[in-house]
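The values are calculated or read from the model by the stated rules, or taken from the named source; none is laboratory data. The structure displayed is predicted, hence computed values, not measured ones. Note: ideal-geometry Cβ built from the backbone for every residue, glycine included; neighbour counts use all protein chains shown. Side chains are part of the model used for accessible areas, which takes the heavy atoms of the whole protein and leaves out ligands, DNA and RNA. Shrake-Rupley method; radii C 1.70, N 1.55, O 1.52, S 1.80 Å.
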Amino acid sequence: MLKNRHIQGWLQASPLTLVLLGFLILPIITIVVVSFWQATEFSIIPAFSFENYEFLFGSPVTYKVFFATFKYAFITWAMTLAIGFTVAYYLAFHIRSQTLQIALFLLCTIPFWTSNIIRMISWIPFLGRNGIANSALQSWGIIDQPLEWLLYSDFSVILAFVHLYTLFMVVPIFNTMTRIDHSLIEAARDNGASGFQTLVHVILPLTKPGIMIGTIFVLTLVMGDFITVRFMSGSQKANVGRLISNDISLLQYPSAAATAVILLITVLIVIGILLRFVDIRKEL
Amino acid sequence: MSSALDLELVNLTKRYGDTVAVDKINYRFKNGTYVCLLGPSGCGKSTTLRMIAGHETVSDGSITLDGFDISHLPPAKRGTAMMFQSYALFPHLNVRDNVSFSLKMKGIDKAERHKAAQEMLELVHMTDFADRLPAQLSGGQQQRVALARALVTKPRVLLLDEPLSALDPFLRIKVRAELKRLQRELGITFLHVTHGQDEALALADEIVVMNNSVIEQAGAARDVWNAPKTEFVARFMGGHNVISLDGSKVALRADEVLLGDAGLSATVTSVEYQGAHVAMTSMTEAGEEVLALVPESTFFSNPKNPGDAVSLSWDEGRLHRLQA
């Protein structure tokens, strides 16, 4: 009987286990294995060599690109957090009727009904040298010359990132905020807290798990991205994702795999550090 | 006994659109008394309390404390403090930080803050739990912390919004004794909202019975119970029979109904043994139910059963005429 129940348990868990094994664990193992292979311009040789890693850590380009990736991730995180927190706060605490709350929340998601790429590319005619932004600014007399840094720059890359990923910050923060008991805010007011003090001492600490989930979303999305950087910088800027995609387009799979392994480890370390600060388990 | 320190409501009104939640109520709460605002749900008692606390705006009229109009001051500037129904403890702060929250908002330094919190926790016997989070406390303990947090601001008036409703019946009786002790020790006004008449009788020096947005009757607990002015108060306070005699309604305490040979004839409908008393319900010929609480020994010397005919009598002086 006991044995039967064991078997039942294993059977119930097996579909998900198989899916995860086949589509998550196996590919990662493959990547790790391939990262130790050797490659020349025209062939890939199965081996166990640290060549790829040696090259990766020996090249100043790697550090520059990793730094750029962190820079994008950090700036995007800061801006999506500022916007996401504000939007979620407004929705959760300033909109009294629940119907309106849901309606406005859905409104936030409408841009996300279109593909990422299309939303990204739509910025290009807007930001270009003779684009809407430049011509508007010129006709208002604010600038004489078109601004060169609007497109194909760090500015446009981060703008696109913020545009693409702010919702990933809004949703978890809004979700946590709606669970805050409104009597806590009254209690804070009763204890003499100003609106700002209530925000800092009550709402912010209670929203931390939501902020952390949003942070993980945004960081992993930005750090793993390559297409946004390529399009919005006109291939002039690089991040780790582009490093990997370049290697792949040159059929340098072992080198791409090694970079991917290092990126994966980096992201995991970052998330590990974040999770030490906030317990998100109660949100899940 | 009234002094300038009293809390006074003057024509206090609260309207939500067209509905009136509190209708021009006037009352003077004597300083240092334990007052219960009693009434069924939706009678306006909670709204009144929340207006006094400053969590609800006043539509009309005013609230004065200490001779000053406090109707439009922010909650913390009124000299009142509120204890919330669900306690509203900050879940991310430990007991000590919860209690000293208001001092932190005032910018008082940590050492002083913690000293004040310590004093308050001693008052409610919670010093051993200072480092715990609210989630690690029982309902009764959370309630004490909420009390300490409200009292740390040294309020003139403590407002309690159904403070016992979240506790189990056994704890409720223990905690209400505690509340009474605290009020005596501190000597400040406690204003306690409840819908339980037993709670109100047990605690209050003064009871304010509210119904349909107005004060139905107010006064010392014994006066309200012994001399209900209206049928509503008589029924809501319990322990009274309301019967029609000579075209007007009168109230008669259930424990003053006597079983005799002559009087109002009625038929027994149920008999319930309650220990010290036997609760005997009977139906008069006019179709009104009368409850008689008969001392146990008296009842069993001449026991009655459902269906028996009885004659109900009383001392004429104990009848209490009700306002129409």
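To the nearest 0.05, how large is the calculated FRET efficiency for residue A:119 and residue B:276 if R₀ is 56 Å and r is the Cβ-Cβ distance?
E(calc), rounded to 0.05, equals 0.10.
Pick from A:131, A:272, A:192: which is most flexible by mean-square fluctuation in a GNM of chain A where alpha carbon atoms under 10 Å apart are linked?
Largest GNM mean-square fluctuation: A:192.
Give me, ordered by chain and number, the residues 5 or more places off residue B:160 or on other chains with an amide H under 5 Å from its own placed amide H.
B:83, B:191, B:192, B:193
With all protein chains present, calculate the accessible area of residue B:20 using a 1.4 Å probe and round the result to the nearest 10 Å².
Counting only protein heavy atoms, the figure is 60 Å².
Suppose the chain between residue A:41 and residue A:12 were pulled fully straight at 0.36 nm per residue; how much longer would it get relative to their current alpha carbon spacing?
My answer for the length gained is 5.7 nm.
For chain B, what is the mean residue ellipticity at 222 nm derived from helices alone (per DSSP H run of n ≥ 4: -39500 (n - 2.57); sum divided by total residues; nearest 500 deg cm²/dmol)?
-8000 deg cm²/dmol
State to the nearest 20 debye the size of the charge dipole of segment A:59-283 about its Cα centre, where the only charges are +1 on K and R beta carbons and -1 on D and E beta carbons.
So the magnitude is around 220 debye.
Select from A:82, A:73, A:136 the residue whose mean-square fluctuation is largest in a Gaussian network model of chain A (Cα-Cα springs shorter than 10 Å).
Looking only at A:82, A:73, A:136, the biggest GNM fluctuation is shown by A:136.
Probe radius 1.4 Å, ligands and nucleic acids left out: can you give me the accessible area buried at the B-A interface, summed over both chains, in Å² to the nearest hundred?
Approximately 1600 Å² gets buried when B meets A.
List the GluC sites (Glu not before Pro) in segment A:1-107 that DSSP assigns to loop (not H, G, I, E or B) and whose Cβ has at most 12 other Cβ atoms within 10 Å. Which are they?
A:41
Taking a cut-off of 22 Å, what percent of all Cα-Cα pairs in segment B:79-181 are separated by more than that?
23 percent
So if I average 1/r over every pair of distinct C-alpha atoms in the protein assembly as shown and take the inverse, what Kirkwood radius in Å does that give?
Taking every pair of different Cα atoms in the protein assembly as shown, averaging 1/r and inverting gives 30.9 Å.
Of all accessible surface on chain A at a 1.4 Å probe, what whole percent is carbon and sulfur?
The computed percentage sits at 71.
Under a plain spin-label model, where a point goes 7 Å from the Cα along Cα-to-Cβ, how far apart in nm are residue A:275 and residue A:137?
4.3 nm
For residue B:285 and residue B:220 in one chain, what is 0.36 nm times their gap in residues minus the Cα-Cα distance, to one decimal in nm?
Using 0.36 nm per residue and subtracting the Cα-Cα distance, I get 19.8 nm.
Run through segment A:104-194 and list the chymotrypsin sites (Phe, Trp or Tyr not before Pro) located in a DSSP loop whose Cβ has at most 16 other Cβ atoms within 10 Å.
In loop regions of segment A:104-194 (DSSP not H, G, I, E or B), the sparsely surrounded chymotrypsin sites (Phe, Trp or Tyr not before Pro) are A:140.
Treat each spin label as a single point 7 Å out from the Cα along the C-beta direction, and report the residue A:59 to residue A:194 distance in nm.
Label at residue A:59, label at residue A:194, 5.4 nm between them.
Could you check the simple spin-label distance between residue A:248 and residue B:302, using points 7 Å along Cα→Cβ, in nm with one decimal?
10.1 nm
Residue by residue through segment B:98-105, which ³J(HN,Hα) values in whole Hz follow from phi under the Karplus form 6.51 cos²θ - 1.76 cosθ + 1.60 (θ = phi - 60°), with glycine and proline marked x?
Karplus-based 3J(HN,Hα) across segment B:98-105 equals 4, 5, 8, 4, 5, 6, 5, 4 Hz.
Given a Förster distance of 25 angstrom, what is the FRET efficiency for residue A:148 paired with residue A:78, based on the Cβ-Cβ distance and rounded to 0.05?
Approximately 0.55, to the nearest 0.05.
Assuming a viscosity of 1.306 mPa s and a temperature of 10 °C, what translational diffusion coefficient in µm² per second does Stokes-Einstein assign to chain B, Rh being the Kirkwood radius over Cα pairs?
For the chosen part, D equals 72 µm²/s.
Put +1 on the Cβ of every Lys and Arg and -1 on every Asp and Glu Cβ in segment A:59-283; which of A:209, A:191, A:269 then has its Cα farthest towards the positive end of the dipole?
Toward the positive end, the furthest listed residue is A:269.
Any idea what diffusion coefficient segment A:59-283 gets from Stokes-Einstein, in µm²/s, Kirkwood Rh on alpha carbon pairs, 20 °C, 1.002 mPa s?
Result for D is 109 µm²/s.
With Rg and the Kirkwood Rh both taken from Cα atoms, where does Rg over Rh land for segment B:169-271?
That ratio is 1.07, to two decimals.
Taking a probe of 1.4 Å, how large is the accessible area per residue of the protein assembly as shown, in Å²?
52 Å²
Work out Dmax and Rg for segment B:246-324 from the C-alpha atoms and quote the Rg first, both in angstrom.
12.4, 39
Could you tell me the ratio Rg/Rh of segment A:179-284? Both radii from Cα atoms, Rh via Kirkwood.
Over the Cα atoms of segment A:179-284, Rg/Rh equals 1.21.
Restricting the count to DSSP beta bridges whose residues both fall in the protein assembly as shown, what percent are antiparallel, rounded to a multiple of 5?
Around 75 percent antiparallel, to the nearest 5.
Need one value: the accessible area of residue B:173 in square angstrom, 1.4 angstrom probe, rounded to the nearest 10.
Per-residue accessible area (residue B:173): approximately 100 Å².
For residue B:176, what accessible area in Å² do you get when you roll a 1.4 Å probe over the heavy atoms of the protein chains, rounding to the nearest 10?
50 Å²
In the Gaussian network model of chain A, springs joining C-alpha atoms below 10 Å, which of A:137, A:251, A:219 carries the largest mean-square fluctuation?
A:137
Full extension from residue A:97 to residue A:23: what is 0.36 nm times the residue separation minus their Cα-Cα distance, to one decimal in nm?
Extra length available between residue A:97 and residue A:23 comes to 22.3 nm.
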